[in-house]
């Protein structure tokens, strides 16, 4: 299935430019992206974006290949930069705390 892909015009702190499927929740406004055309996969779209930006990479959120090879659980490593919630935070907010 061919889908529309976009690449962020502004790089992230690490210099990468994310490639998104149209409608991705992490995709910036259209005026902050460049349309890459219709592609069969993120891999093809990233190859196209790499001709524009050397740091092009697939968005982890909308890249189905990232999630296809994993369980439904989010890898704990993506929470490594988050400070755990203080002990006095009510139990109803504990779901916000990263896994240990």
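The values are calculated or read from the model by the stated rules, or taken from the named source; none is laboratory data. Predicted model only: the values in this text are computed from it and were never measured. A quick note on method: Cβ atoms are made from the backbone with ideal geometry, for glycine too, and the neighbour counts reach across all protein chains shown.
Here are the numbers for the structure shown:
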read-out: Single unsatisfied condition, residue 92 versus (1) loosely packed, with under 13 Cβ neighbours inside 10 Å; (2) more than 16 Å from the chain's Cα centre (by Cα); (3) modelled with pLDDT of 60 or more; (4) part of a helix (DSSP H, G or I); value: (3)
read-out: Residue that is surrounded by the fewest Cβ atoms within 10 Å (Cβ to Cβ) [pool: residues in segment 1-58 that are touching a residue at least 40 places away in the same chain (Cβ under 8 Å) and in contact with a helix residue (DSSP H, G or I) (Cβ under 8 Å, 6 or more places away or on another chain)]; value: 57
